[in-house]
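Following: one structure in structure tokens, then a few remarks.
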Amino acid sequence: MPNSTVKQIIKDQQIVDDQWRTLADDDNTLAGDIIISSKRWKQDKATFKSHSGGLGILIEFDKHIDDIKDDLDNFDLVAIEFQSFTDGRGYSYATLLRRMGWTKEIRAVGDVLRDQVFYMHRCGFNAFEIRADRDINDALHAFSEFSVAYQPAINNP
């Protein structure tokens, strides 16, 4: 039985325990694998460059991927926030990252629903924090919902 205190995500089409912790902007606990805001990164790059654990960056819904593209070598993960399921910017950001050659984890966070997972994956996302009020097991089935895609995508050019 999974530990209820450990958050679970979908990564590489499997449900796994999340090893990452999102660091609040006022939190100075730099231990383990952390995800920081782009604001925090810009304020204190030197501290985070020397962090001994994994380092991820959060692209908030009101930021642009260009804000951090020159710093990508510093990160192990890029998390892209969806403020609302109707906001499509994150899809474009994931596609741009993959086209830039980013091969590491791209995680969808925020208002992430089952109905988005299949297309998010086609745009380059490989990890998903499903909204807390939704069933992660149900969301996992989204990958097999369609057997054919008619348009090209990052995962099937």
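The values are calculated or read from the model by the stated rules, or taken from the named source; none is laboratory data. This is a predicted model, so every value here is computed, not measured. Here the Cβ positions follow ideal geometry from the backbone for every residue, glycine too, while neighbour counts run over all protein chains shown.
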- prompt: Is it fair to say D44 is touching a strand residue (DSSP E or B) at 6+ places or on another chain (Cβ under 8 Å) and more than 20 Å from F118 (Cβ to Cβ)?
  reply: no
message: Can you report the number of residues in segment 104-120 which are without any contact (Cβ under 8 Å) to a residue 60 or more places away in the chain and either at positive phi or over 11 Å from the mean Cα position of the chain (by Cα) (or both)?
response: 8
query: Of all residues in segment 28-65, how many are of a type in the set (V, I, T) and either over 17 Å from A79 (Cβ atoms) or assigned to a helix (DSSP H, G or I) (or both)?
result: 3
- prompt: Taking R122, is it assigned to a loop (DSSP other than H, G, I, E, B) and over 24 Å from G54 (Cβ atoms)?
  reply: no
- prompt: When segment 61-79 is examined, which residues are found to be under 17 Å from F125 (Cα atoms), touching a Lys or Arg at 6+ places or on another chain (Cβ under 8 Å) and modelled with pLDDT of 90 or more?
  reply: F75, D76, L77, V78, A79
field: Pairs where the first residue, in segment 6-17, is at positive phi and the second is part of a loop (DSSP other than H, G, I, E, B), C-beta under 9 Å, 6+ apart
entry: D12/N126; Q13/N126
query: Is it fair to say D33 is over 24 Å from A142 (Cα atoms), surrounded by fewer than 11 Cβ atoms within 10 Å (Cβ to Cβ) and not basic (K, R)?
result: no
- prompt: So which of A142, A153 ends up being more than 22 Å from R21 (Cβ to Cβ), buried (at least 18 other Cβ atoms within 10 Å of the Cβ), in contact with a helix residue (DSSP H, G or I) (Cβ under 8 Å, 6 or more places away or on another chain) and modelled with pLDDT under 90?
  reply: A142
- prompt: Can you name every residue in segment 82-108 that is of a type outside the set (F, W, Y) and surrounded by 22 or more Cβ atoms within 10 Å (Cβ to Cβ)?
  reply: G90, A94, L97, I106, R107, A108
